[in-house]
Amino acid sequence: MDGVRKKGGNVPALKVRDLYKSYGDLEVLSGISFDLEKGEVKAVLGPSGTGKSTLLQCINRLTVPDRGEVWLDGVEVIDSKREIYKIRSSIGMVFQHFNLFSHLRVLDNVCIGPIRVKKMSRKEAVKLGMEKLKQVNLEDKANAYPAELSGGQQQRAAIARAMAMNPKLMLFDEPTSALDPELIGEVLEIIKSLAKSRMTMLIVTHEIGFARSACDKIIFMEHGKILEEGSPDKILNDPECARTKEFLNKITEL
Amino acid sequence: MEALIEALPYILRGVPITLVVLGGSISLGLISGLVMAIAEVYGFRFLSMPVYLIEATLRAIPVLVLLYLFYFGLLGFPPLLVAIFALGLRSGAYQSQIFRGAIESIQVGQTVAAQSLGMGRFRVIYYIVLPQAIRLAIGPWTNEYNVVTKATSYAYLVGALELLRRARYVIAASHGNAVLIYSFCAIIYYMIAQGGCSILYRIESKLRVPGFEARGGWR
């Protein structure tokens, strides 16, 4: 059934249904549902502590949700060990603090996934790794260690590392929040170029301008719920919720 | 004096035995220390609790008591093995704390990133955590190497014919010369300890990469 629907092309790349997650008494996610079509780019906006990062981590099960379903390409993401490793390897993840492996050169950071998880030969992986580094304009830093790079370069290397796994979906968790202002642009440029190549992406961000220009849809979240979802134009110019308006006013004031 | 020179080869034949006790117990300590550290950091409660108890016990008991316990507990075992077991496990308990500290100082973000690539726990530990933890641990580990080097002298208590036991035989047979002969032993221990440390420091600087400048100080 799934296979037939896949051929039709109308199975969403990502389908999230009624996701709940609590830490003790604190409910971080209170019933999140949304779809992400293939090639679609969605931004997730919202105040800090509303569960945006938890949502991303529940998608590849780095955090196990209490309830709810996550479907990737028409296949449900469940807890079976073998399956979960496979599913994670097909979802790229980029973190606020880059999280590069400090003991490995940039190229080895990019190649370690293909070599150790996908069992690619070293030669093949290096070729692929250099390709990915070229895409993020970092081929001249292939032999540098993470500590020798600027924040922007580290984040671009981290994007290359995720892309080297040839993911079906990319998750970005505030990719520019830890960067100096003058380094934000180079990272957003790379993400925009991925958007142009129709990579399916879910991006938690506070960059309103970027959400407007690079994303197809914006999700506004607060207190573990999706308050509204719509085109950037709609959400940013004419939001339905008072809270959305308030939040946007607050962050554009700065 | 002549008698002393004649006795030297006899004492020196204890050096290889000392080195065997050292090599054996530091290796046993390395393996058991790594296993205990990983169990304490990553193990579930039913694993980490007993490991913690074993480790705490081994650290709390004087090495002499431990040696005698193993000696009388493992009656019939060759003294060399008894010494290696007792000193090795004691060292493992100390080494586990060195490795635990090093493992816990690796940012959690890196293990999360590795998991997000699809690595399982074993691969994350083996490819991401340990290579970094070991770099950080070499410095403190030289300490433990010195401690174990010196602790090998306890092996004479359970009858291993190592350096110190031979020295005592010579002193007893030559009625004196204790200061001279013990000084000779001291020099040999010093050479073993310093030789090992300089090899370890060389390994440390060979493995050093930007971001792991272990001995920084002021800039």
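Observations on the structure shown:
- Counting only helices (runs of 4 or more DSSP H) that fall entirely inside region B:101-216 and contain at least 1 residues that are within 14 Å of chain A (Cβ to nearest Cβ), the qualifying elements are B:108-116, B:130-151, B:178-207.
- Residue A:148 being touching a strand residue (DSSP E or B) at 6+ places or on another chain (Cβ under 9 Å) and either buried (at least 18 other Cβ atoms within 10 Å of the Cβ) or within 10 Å of another protein chain (Cβ to nearest Cβ) (or both): no
- Residue in region B:63-117 that is surrounded by the fewest Cβ atoms within 10 Å (Cβ to Cβ), counting only those that are in contact (Cβ under 8 Å) with a residue 40 or more places away in the chain and β-branched (Val, Ile, Thr): B:63
- Meets criteria (among the acidic types (Asp, Glu) and without any contact (Cβ under 8 Å) to a residue 60 or more places away in the chain) for residue B:6: yes
- For first residues located in region B:135-160 and among the charged types (D, E, K, R) and buried (at least 18 other Cβ atoms within 10 Å of the Cβ), partners that are modelled with pLDDT of 95 or more and part of a helix (DSSP H, G or I) and lie 6+ apart or on another chain with Cβ distances below 7 Å form the pairs B:144/B:91; B:144/B:94; B:144/B:95; B:144/B:98.
- In this structure, residue B:27 qualifies as small (Gly, Ala, Ser), surrounded by fewer than 20 Cβ atoms within 10 Å (Cβ to Cβ) and within 18 Å of residue B:84 (Cβ to Cβ).
- Residue-level check: of (1) part of a helix (DSSP H, G or I); (2) out of contact with any Phe, Trp or Tyr (no Cβ under 8 Å at 6 or more places or on another chain), residue A:166 misses just (1).
- Qualifying residue in region A:132-141 (condition: outside any strand (DSSP E or B), at positive phi and more than 9 Å from every other protein chain (Cβ to nearest Cβ)): yes
- When residues in region A:67-83 are screened for being in a strand (DSSP E or B) and under 16 Å from residue A:18 (Cβ atoms), 6 of them pass.
- Answer residue from region A:63-93, given it is closer than 30 Å to residue A:24 by Cβ and within 9 Å of chain B (Cβ to nearest Cβ) and is surrounded by the fewest Cβ atoms within 10 Å (Cβ to Cβ) among those: A:81
- Options A:142, A:178, A:158: the member that is buried (at least 24 other Cβ atoms within 10 Å of the Cβ) and of a type in the set (A, V, I, L, M, F, W, C): A:158
- So residue A:117, is it in contact with an Asp or Glu (Cβ under 9 Å, 6 or more places away or on another chain) and either within 8 Å of another protein chain (Cβ to nearest Cβ) or closer than 30 Å to residue A:20 by Cα (or both): no
- Meeting the requirement of 1 or more residues that are under 20 Å from the mean Cα position of the chain (by Cα) and among the small types (Gly, Ala, Ser), the strands (runs of 3 or more DSSP E) wholly within region A:179-254 are A:225-230.
- Look at region A:185-196: where a residue is under 10 Å from residue A:137 (Cβ atoms) and a partner is crowded, with 18+ Cβ neighbours inside 10 Å and among the β-branched types (Val, Ile, Thr), sitting 6+ places away or on another chain with Cβ atoms under 6 Å, you get A:190/A:136; A:190/A:159.
- Members of region A:94-114 found to be facing chain B (nearest Cβ under 7 Å) and not polar (S, T, N, Q), listed by number: A:95, A:97, A:101, A:103, A:112, A:113
- Any hit, region B:65-77, residues being in a helix (DSSP H, G or I) and either within 14 Å of chain A (Cβ to nearest Cβ) or in contact with a Pro (Cβ under 8 Å, 6 or more places away or on another chain) (or both): yes
- Hey, residue A:159 under 19 Å from residue B:124 (Cβ atoms), within 13 Å of chain B (Cβ to nearest Cβ) and part of a helix (DSSP H, G or I) or not: no
- Any hit, region B:15-28, residues being closer than 15 Å to residue B:156 by Cα, assigned to a helix (DSSP H, G or I) and without any contact (Cβ under 8 Å) to a residue 60 or more places away in the chain: yes
The values are calculated or read from the model by the stated rules, or taken from the named source; none is laboratory data. Here the structure is a predicted model, which means the values were calculated and not measured. Don't worry about glycine lacking a Cβ; one is built from the backbone with ideal geometry, like all the others, and counts go over all protein chains shown.
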